[in-house]
Amino acid sequence: MTVAVDGAARKRRGLLERFKHSLQKHWYAYAMTAPVVIVLGVLVGYPLIQGLYLTLTDADSMNSARTIGVNHIAATYDFIGFHNYADILWGPTAWDRFWSHFIWTVVWTASCVVLHYVIGLGLALLLNQKLRGRTFYRMMLILPWAVPTFVTVFAWRIMLADSGVVNSVLGALHLPQPAWLEDTLFQRIAAILVNVWVGVPFMMVSLLGGLQSIPSELYEAAEMDGASAWQRFRNVTVPGLRSVSSTVVLLGIIWTFNQFNIIFLLFGNNAPDAQILVTWAYRLGFGQQPRDYAQSATYGVLLLSILIVFTAFYRRWLARNEQAIG
């Protein structure tokens, strides 16, 4: 027992001494990063801790602290432990409030990221060729990413309206004219369509940079060996893009899973069956009365937990594949 205590004390002293040595040696780096750490602590750390605490309460807009005129009303919400998590995940209305939105969020994320990558890769391969007017094409294809998101979404709302350009063209071709902004199925298709329009340029630019980093000698050697275009793509392009692809796909999944702007600007608080988890959390916290702060915060923590677990498994899977290839 005494030996264990002495060993722990020596370990703590060793850690403290190493920290002091590091502080003395790299004091300038600590001084430069300290403001960033403080700002992140205030802007991210404190709200995160406050949100975690709210998930353990029954806080809403009726029992939270608030000021009306000159009168300050103290908070009256209670600590209820993990009841919010249990209610959301397996409560009597868990399917309608969480699981249906979770499944749609996964489908939305997978569909958008796959389309982002496939279309972005196709355009990147095209723009990597020696084409006349290639600079002009690059500039035009990157415009959807450069235009502010709210402008793009509002433009699509006008085009997808019942009397908009899209239905007018479909009507002229004697094709069905869907209710893009009213019917649940077509609301979801419209959301994916708009998000693909906005997200493809980023994927295209990232993959184009990866393509340009692949040595041309590899293609020349493969062509001299008699490799077809498909074989060159599979054995040279795909391995050369592996590191870029793994990064942009992970970023795309995280961004799309939390893509608030597209869904909210396209439908607002309407279209409850087209809401993904992040917009549903906003609806609970700010789009209804009374505002359910505790449940909204719980959704936020669940979202964060899902992404942390996914990212950990994704990085482990990539590392395992790298080892297998190596």
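The values are calculated or read from the model by the stated rules, or taken from the named source; none is laboratory data. Note that the coordinates shown come from a computational prediction; the quantities given were computed from them, not determined experimentally. In this analysis, Cβ positions are derived from the backbone assuming ideal geometry, glycine residues included, and neighbour counts consider all displayed protein chains. Calculation scope for accessible area: heavy atoms of the full protein, side chains included, ligands and nucleic acids excluded. Shrake-Rupley method; radii C 1.70, N 1.55, O 1.52, S 1.80 Å.
Some points to look at:
- Spatial extent of the chain: Rg and Dmax, with the Cα atoms as the point set, Å: 26.0, 88
- Per residue accessible area of region 114-170, 1.4 Å probe, in Å²: 66 Å²
- If you take the alpha carbon atoms of region 157-208 and fit the smallest convex hull around them, that volume is 90 Å³ per residue.
- Of the whole protein surface, Ser216 contributes about 70 Å² of accessible area at a 1.4 Å probe radius.
- Computed over the alpha-carbon pairs of region 67-200, the distance histogram in 10 Å steps reads 10, 23, 26, 20, 14, 7, 2, 0 percent, short to long.
- Convex hull volume per residue, computed on the Cα atoms of region 161-292, equals 148 Å³.
- The rule of thumb for compact globular proteins, 2.2 N^0.38 Å, goes into the C-alpha radius of gyration of region 1-158 1.80 times.
- Taking the Cα centre of the chain as origin and assigning +1 to Lys and Arg Cβ atoms and -1 to Asp and Glu Cβ atoms, the resulting dipole is close to 1240 debye.
- Placing unit charges on the Cβ atoms only, positive for Lys and Arg and negative for Asp and Glu, gives region 222-326 a dipole magnitude near 180 debye about its Cα centre.
- Per residue, the accessible area of region 198-326 comes to 51 Å², computed with a 1.4 Å probe over protein heavy atoms only.
- Rounded accessible area of Phe19 (nearest 10 Å², 1.4 Å probe): 110 Å²
- Lys/Arg +1, Asp/Glu -1 at C-beta; region 218-326 dipole; positive extreme among Gln275, Gly300, Ile262: Gly300
- Excluding exposed DSSP-loop trypsin sites (Lys or Arg not before Pro) (at most 11 other C-beta within 10 Å), longest clean stretch of the chain: 133-326
- For Thr57, distant residues with modelled amide H under 5 Å away: Ile80
- Alpha-carbon Rg/Rh ratio, for region 114-181, with Rh computed the Kirkwood way: 1.09
- Rolling a 1.4 Å probe over the protein heavy atoms leaves Asp87 with an accessible area of roughly 40 Å².
- Between the alpha-carbon centres of region 149-168 and region 254-294 there is a gap of 20 Å.
- Farthest positive-ward along the chain dipole, Cα basis, beta-carbon charges - from Phe202, Leu170, Gln288: Phe202
- With every protein chain in place, region 197-268: carbon and sulfur % of accessible area (1.4 Å): 62 percent
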